[in-house]
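First the structure, in the form of structure tokens, and then the observations on it.
The values are calculated or read from the model by the stated rules, or taken from the named source; none is laboratory data. Bear in mind the structure is a predicted one, so any value in this text is a computation, not a measurement. Cβ atoms come from the backbone with ideal geometry, glycine included; neighbour counts cover every protein chain shown. Side chains included, ligands, DNA and RNA excluded: accessible areas come from the protein's heavy atoms. Shrake-Rupley method; radii C 1.70, N 1.55, O 1.52, S 1.80 Å.
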Amino acid sequence: PTGYMENSISYSAIEDVQLLSWENAPKYCLQLTIPGGTVLLQAANSYLRDQWFHSLQWKKKIYKYKKVLSNPSRWEVVLKEIRTLVDMALTSPLQDDSIHQAPLEIVSKLLSENNNLTTQDHESIIVAIAPLLENNHPPPDLCEFFCKHCRERPRSMVVIEVFTPVVQRILKHNMDFGKCPRLRLFTQEYILSLNELNAGMEVVKKFIHSMHGPTGQCPHPRVLPNLVAVCLAAIYSCYEEFINSRDNSPSLKEIRNGCQQQCDRKPNLPLRLLHTSPDLVSQEATLTESRLKPVIVTSNEIHVEVERNNTANQKMTAGVGNDSEPNLIDCLMVSPTCSTMSIELSAQADRILGCYVEILKMLSDYDDWRPALASLLQPIPFPKEALAHEKFTKELKYVIQRFAEDPRQEVHSCLLSVRAGKDGWFQLYSPGGVACDDDGELFASMVHILMGSCYKTKKFLLSLAENKLGPCMLLALRGNQTMVEILCLMLEYNIIDNNDTQLQIISTLESTDVGKRMYEQLCERQRELKELQRKGGPTRLTLPSKSTDADLARLLSSGSFGNLENLSLAFTNVTSACAEHLIKLPSLKQLNLWSTQFGDAGLRLLSEHLTMLQVLNLCETPVTDAGLLALSSMKSLCSLNMNSTKLSADTYEDLKAKLPNLKEVDVRYTEAW
């Protein structure tokens, strides 16, 4: 008979598969032997015939092994069959993911249905399937089996010899742990088993170094995000018991609103979070005898003291709003004596926490990983229970310190919040923050690096004056040079309006030698500024080529430039540092920076002070979108040259929408051209 088969043939019914090779046999045919006869399958060419042949053989053998391994009798026979199955998968000429995955799934099912295996049987099976794991992720059930082995026998040689290359492959190639969370759990248990070895964290450190590689740049872009995902999941698991207890506790919004229970709605009342220590509660009770008796709300997590204080209530309502959801850290911003919740982790959770915080420290030590790590941690990914746990924040402080010490803007800018209305690491570790356990040294370090980069702006200084003026003055009183500079800039940029506060800042500056010296320099600059801005002098000025920032400063200090409207610094060697001098020119309307080294930091400063600037030439300067976006506040701009800069099309469209007077724009040789 010829034509198509009318009825399908099950793979289990095929007794034999052969290639027809005798003389005068039909071309490109396979012969299938089935009960009651044979069937010939004819392909279009020899390549397709061979594909059919190997595929049918593969299917036939897989069905055989499934049947054999579904009812194991003697485990030595089962182990032999597994080895044969693995050899068959490795020697098959077929190129398909299922060729290696199918044997792994068979073994995975075998292990899940037989829980009475000995440890030796476990290890023998793991060693037998190890060759298949070199190029394939283990299935979910197999991951569970591996996790169990890591927990029960962390010192087994199988962990080092077999699991190490498997975990390395997962970290290098996995794209999304969300699709297979058991891969992440297996990686987590593997790292914990390394920590159980005699050398402990030294072994973990060597493993992290092997994932990074010996060069200064890690060649595998997925390693860091995968490691961070494993660390975050492990740290979250440590506080899972406390997180789950929220079900019977007020939500953050209800706590802010003073609700005792989720269904109990009451007017907004201020609060403070307290330790569960009886001594502290009694101490607070003594301090508040003269006031109205507070109400203590007890939950599984914390004690909340609600004070009926109308003045404080009005302040809080004005700052937050009745219906706004309280941000994460604001709920924890309390006085230093009661800044943390009483959280006691179990011994196992404490061990897990210590291990994975140490890994975050290791990751922060690699220069090439630090920018991406800072970006991943910028929107604070930890639960509020972790942020309120003193041990956790104290250990994580090392990572934040590494960010604060990094001179790259892409790193230390991640200390700030990811968007307005959300607090970041800067607020968390500043004085008054729940994680601040020093006298402000880390805070001063963060301010120093931010001020030295591109945050010497009115907006940043204004936020410090509104929220952290007290800590700044205290640190300045102790001789911290960064804080002395901050206070001087607040006076210089007229950030402080209150005369009493200004006098207090001046007294603070004059109380130390470094403060007195910097205040005298400020007074001298103010005298020079008055002379500079005095009416008179030229209306147009062009600096010679090759002039530097120092040359510009020297020129502007030589007389009055109150009438200067047009300044050309084209083809000079000035940088963003000269912006501090440019912002002192009150009448400046046209500025030419063609082919200079003027960058983003300078643009940010100009945009805050030279709001009347009409013409700006940035041709062939190293400015990027980060600085160009700041120009949107210069509403008087009518001519802007961004030729040969790193301007993007999106930023160009944004500037056009926000600068209504812009008539002449040059964007040649940019992405927006």
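Before moving on, here are some points about what is shown:
- If the condition is being free of Cβ contacts under 8 Å to residues at least 24 places away in the same chain, surrounded by fewer than 14 Cβ atoms within 10 Å (Cβ to Cβ) and in a helix (DSSP H, G or I), then the stretch 194-235 contributes GLU202, LYS206, HIS209.
- Candidate set from the stretch 459-495 (those that are open to solvent by less than 10 Å² (accessible area, probe 1.4 Å) and over 18 Å from GLU580 (Cβ atoms)); member that is modelled with the lowest pLDDT: LEU464
- Number of residues in the stretch 549-572 that are in contact with a Ser or Thr (Cβ under 9 Å, 6 or more places away or on another chain) and either small (Gly, Ala, Ser) or over 23 Å from GLU608 (Cα atoms) (or both): the value is 7.
- Selection within the stretch 180-191 - touching a helix residue (DSSP H, G or I) at 6+ places or on another chain (Cβ under 7 Å) and open to solvent by 10 Å² or more (accessible area, probe 1.4 Å): CYS180, ARG182, ARG184, LEU185, GLN188, GLU189
- Looking across the stretch 431-454, just one residue is assigned to a loop (DSSP other than H, G, I, E, B) and hydroxyl-bearing (Ser, Thr, Tyr), and that is SER453.
- ASP437 being at pLDDT below 95, open to solvent by 70 Å² or more (accessible area, probe 1.4 Å) and out of contact with any Asp or Glu (no Cβ under 6 Å at 6 or more places or on another chain): yes
- Residue satisfying all of: in the stretch 332-351; assigned to a helix (DSSP H, G or I) and open to solvent by less than 20 Å² (accessible area, probe 1.4 Å); modelled with the highest pLDDT among these: ALA349
- For HIS54: the one exception among (1) within 49 Å of the chain's Cα centre (by Cα); (2) farther than 19 Å from ILE99 by Cα; (3) not small (Gly, Ala, Ser): (2)
- Looking across the stretch 639-673, the residues that are open to solvent by 40 Å² or more (accessible area, probe 1.4 Å) and either β-branched (Val, Ile, Thr) or closer than 18 Å to HIS609 by Cα (or both) come down to LYS658, VAL665.
Results for (1) under 13 Å from GLY424 (Cα atoms); (2) open to solvent by 10 Å² or more (accessible area, probe 1.4 Å); (3) in contact (Cβ under 8 Å) with a residue 60 or more places away in the chain, shown as yes or no for each residue.
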{"site": "SER375", "(1), (2), (3)": "yes, yes, no"}
{"site": "LEU387", "(1), (2), (3)": "yes, no, no"}
{"site": "LYS391", "(1), (2), (3)": "no, yes, no"}
{"site": "GLU395", "(1), (2), (3)": "no, yes, no"}
{"site": "PRO407", "(1), (2), (3)": "no, yes, no"}
{"site": "HIS412", "(1), (2), (3)": "yes, no, no"}
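- Checked against (1) farther than 25 Å from THR670 by Cα; (2) at pLDDT 90 or above; (3) not in a strand (DSSP E or B), LEU541 passes all but condition (3).
- Residue match in the stretch 422-430 (condition: among the aromatic types (Phe, Trp, Tyr), under 18 Å from the mean Cα position of the chain (by Cα), more than 27 Å from GLY213 (Cα to Cα) and assigned to a helix (DSSP H, G or I)): yes
- Test: residue in the stretch 609-621 that is over 24 Å from LEU585 (Cβ atoms) and surrounded by 18 or more Cβ atoms within 10 Å (Cβ to Cβ): no
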